[in-house]
Amino acid sequence: MKKKGRLLKLFTTSLYISAFTFGGGFVIIPLMRKKFVEDLHWLEEQEMLDLAAIAQSAPGAIAVNAAILLGYKIMGILGALVAILGTIIPPMVIISVISFFYNAFRTNVVVNAVLSGMQAGVAAVICDVVITMATTNVKQNKWLSAVVMPVVFVLTYFLDVNVVYIILGCIGIGIVWFVVQHVHKKQLEKQQKGNDVTDVNVTHRRHWRIHK
Amino acid sequence: MNIYIELLLVFMQVGALSIGGGYAAIPIIQSRVVEQYAWLTLSDFTDLITIAEMTPGPIAINSATFVGMQVAGIGGAVVATIGCIIPSAIIVSLLAFLYFKFRSLDIVKDILTVLRPAIVALIASAGLGIIILAFWGTEGFTTDTSALNIVSVMIFALSLFLLRKYKLNPIAVMSGAGALGAVFYLLL
């Protein structure tokens with residue numbers, strides 16, 4: 001029963017979020033974060049960012065990918081299927097209806113006014129989330145965030161570098177960083193061992209002297 | 001070949017090849033749907049992108065539904081949309097499995113530590129694009145104050161204030177922004 005309740009909640013929440021994901025792509029991440037991290041506590045803040053990274057690097061629509069990851073985390077494969085269904089129903093229904101009335105829709109003054117207003121609202125929502133996420137990130141890892149965030153922003157916004165290369169680049173830097181830390185740790189351990197050995201010798205000699 | 005199978009196969013390609021989401025799907029849809037199969041004219045296709053931008057949902061899904069609908073009715077819409085998500089469903093489920101299994105490894109942790117601030121920057125970049133579209137109605141970067149849409153700036157500022165200060169629900173804020181837009185643009 002509890003499982004059914006969670007599935008239903010997952011379905012209705014995905015449906016609700018998808019119906020408001022104007023602008024596509026990353027807009028869904030702030031909405032998911034608000035619902036699943038802050039309201040429902042089904043995910044942690046960092047997990048949400050990791051899921052966003054995976055959703056972005058895999059083929060397909062980010063919103064659908066993010067829904068799959070979220071559903072999988074919450075209820076396994078069944079959860080993933082339910083989240084996909086919730087995410088694709090709103091655009092399917094809306095587009096089906098619009099494709100019948102396209103001309104009337106495009107020229108409708110009220111529709112255009114509402115959509116322009118919503119665009120400004122969407123911009124504010126993204127801005128809000130970026131501020132929150134950036135602050136959390138800087139708190140956790142000051143120098144890394146201070147370097148990575150501006151560099152990636154300039155690369156993607158001004159230089160139009162493909163997101164796939166950015167993600168691959170970050171993975172590469174992560175691997176290098178891991179290796180460097182690993183080597184450093186090994187060296188420290190070696191030194192530590194060297195010190196231990198001399199300590200032992202010293203105590204041995206003392207013992208020997210005392211015995212003598 | 002059966003039209004449903006054709007739709008399914010074409011949109012599976014769209015789903016599998018559009019890495020990076022959103023606008024990455026457009027060139028692939030264009031090459032298959034407009035150039036190869038002539039299911040839509042180029043002007044239909046431009047309209048389709050406009051609709052996709054004006055309505056919620058990913059462009060790939062919107063296109064699949066729209067094209068399927070035009071070519072083979074509701075059945076076509078369903079088949080094309082399913083085709084579009086099959087590659088994601090398989091690949092992303094696998095990635096999800098791997099992520100939850102291996103994320104506690106040190107090397108995966110280090111990679112994720114570098115990726116997180118990068119993702120924040122990517123979201124910021126998408127956000128700036130939408131802010132510029134809302135304020136100026138254009139896609140590219142601009143600082144021309146004379147073409148600024150004041151109503152849009154005011155709605156933006158008010159929404160941001162309510163979100164930061166009172167932590168209002170984003171969906172409530174967006175609906176309110178839509179209502180404000182209707183009031184301002186229709187009255188002024």
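May I ask for the distance between the Cα centers of the stretch B:73-90 and the stretch A:138-176, given as a whole number of Å?
33 Å
Provide the gained length on full extension for the span B:PHE100 to B:ALA147, in nm with one decimal, where the gain is 0.36 nm per separating residue minus the Cα-Cα distance.
Contour length minus the Cα-Cα distance gives 12.1 nm.
Of A:THR13, A:THR136, A:ILE95, whose Cα points farthest to the positive end of the dipole of chain A (charges on the beta-carbon: +1 Lys, Arg; -1 Asp, Glu; origin at the Cα centre)?
Of the listed residues, the answer is A:THR136.
With every protein chain left in place and a probe of 1.4 Å, what is the accessible surface of B:ARG32, to the nearest 10 Å²?
Surface accessible to solvent at B:ARG32 totals approximately 60 Å².
Please compare each pair in A:LYS142/A:LYS186; A:LYS35/B:LYS167; A:LYS185/B:LYS109; A:LYS3/B:LYS109; A:LYS34/B:LYS165 to a cut-off of 19 Å on the Cα-Cα distance and tell me which ones are over it.
From A:LYS142/A:LYS186; A:LYS35/B:LYS167; A:LYS185/B:LYS109; A:LYS3/B:LYS109; A:LYS34/B:LYS165, over 19 Å: A:LYS142/A:LYS186; A:LYS3/B:LYS109.
About the Cα centre of the stretch B:98-186, what is the dipole size in debye to 20, counting +1 per Lys and Arg Cβ and -1 per Asp and Glu Cβ, all else neutral?
Magnitude of the dipole: close to 460 debye.
In debye, nearest 20, what is the charge dipole magnitude of chain B about its Cα centre with +1 on Lys and Arg Cβ and -1 on Asp and Glu Cβ, if you could check?
With only Lys, Arg, Asp and Glu charged at Cβ, the dipole is about 820 debye.
I'd like the Karplus ³J(HN,Hα) series for the stretch B:115-121: coefficients 6.51, -1.76, 1.60, θ = phi - 60°, whole numbers in Hz, and an x wherever there's a Gly or Pro.
With the stated coefficients, the stretch B:115-121 comes to 5, 4, x, 5, 5, 4, 5 Hz.
If you build the Cα gyration tensor of the protein assembly as shown and take the root of 5 times each eigenvalue, what three semi-axes come out, in whole angstrom, biggest first?
On the way: eigenvalues 416, 132, 78 Å².
For the protein assembly as shown, the semi-axes come out at 46, 26, 20 Å.
Take chain B, connect every pair of alpha-carbon atoms lying under 10 Å apart with a spring to form a Gaussian network, then pick out the residue of B:VAL79, B:VAL34, B:VAL151 with the largest mean-square fluctuation.
Maximum among the listed residues: B:VAL151.
Rolling a 1.4 Å sphere over the protein heavy atoms, what is the accessible area per residue of the stretch B:106-187, to the nearest Å²?
Accessible surface, normalised per residue, equals 46 Å².
Along the charge dipole of the protein assembly as shown, pointing to its positive end and built from +1/-1 on Cβ of Lys, Arg, Asp and Glu, which listed residue (B:LEU128, A:ALA66, A:THR156) has its Cα farthest out?
A:ALA66
Please quote Rg/Rh for chain A to two decimal places, taking the Kirkwood radius as Rh and restricting both calculations to Cα atoms.
1.23
Skip the ligands, DNA and RNA, and give the accessible area per residue of the stretch B:3-102 with a 1.4 Å probe, whole Å².
On a per-residue basis, the stretch B:3-102 sits at 39 Å².
Any idea what % of Cα-Cα pairs in chain B are farther than 26 Å?
51 percent
Suppose a student asked you for the relative contact order of chain B, using Cα pairs under 8 Å spaced at least 6 residues apart; what percent would you report?
Computed over chain B, the figure is 17 percent.
Report the local net charge at B:ALA118: Lys and Arg +1, Asp and Glu -1, summed over other residues whose C-beta lies under 14 Å from its C-beta.
Net charge in that neighbourhood comes out at -1.
Among B:ALA182, B:SER159, B:LEU105, whose Cα sits farthest toward the positive end of the charge dipole of the stretch B:91-188 (+1 at Cβ of Lys/Arg, -1 at Cβ of Asp/Glu, about the Cα centre)?
Highest projection toward the positive end goes to B:LEU105.
In Å², rounded to the nearest 100, what is the total accessible surface buried by chains B and A against each other with a 1.4 Å probe? Walk me through the numbers before you get to the answer.
Working: alone 12480 and 15280 Å², together 19450 Å².
For B against A, buried area totals roughly 8300 Å².
Pulled fully out, how much extra length does the chain show between A:GLU189 and A:GLN46, if you take 0.36 nm times their separation in residues and subtract their Cα-Cα distance?
So the chain would gain 48.4 nm between A:GLU189 and A:GLN46.
Ordering B:TYR99, B:TYR166 by accessible area with a probe of 1.4 Å, largest first, what comes out?
From most exposed to least exposed: B:TYR166, B:TYR99.
Near A:ALA146, within a Cβ-to-Cβ distance under 14 Å, what is the net charge of the other residues, with Lys and Arg +1 and Asp and Glu -1?
That sum, taken over residues with Cβ under 14 Å, equals +3.
Only four residue types carry charge here, +1 at the Cβ of Lys and Arg and -1 at the Cβ of Asp and Glu. Report the dipole size of the protein assembly as shown about the Cα centre in Debye, rounded to the nearest 20.
2180 debye
Quick one: net charge of A:GLY71's neighbours, Cβ under 14 Å, K/R +1, D/E -1?
Computed value for this residue: +4.
Defining a contact as two alpha carbons under 8 Å apart and six or more residues distant in sequence, what relative contact order in percent does chain A show?
With pairs under 8 Å counted, the relative contact order is 17 percent.
The values are calculated or read from the model by the stated rules, or taken from the named source; none is laboratory data. Not measured: the values here are computed from a predicted model. Quick reminder, even Gly has a Cβ in these numbers, built from the backbone with ideal geometry, and neighbours come from all protein chains shown. These accessible areas exclude ligands, DNA and RNA; they are computed on the full protein's heavy atoms, side chains included. Shrake-Rupley method; radii C 1.70, N 1.55, O 1.52, S 1.80 Å.
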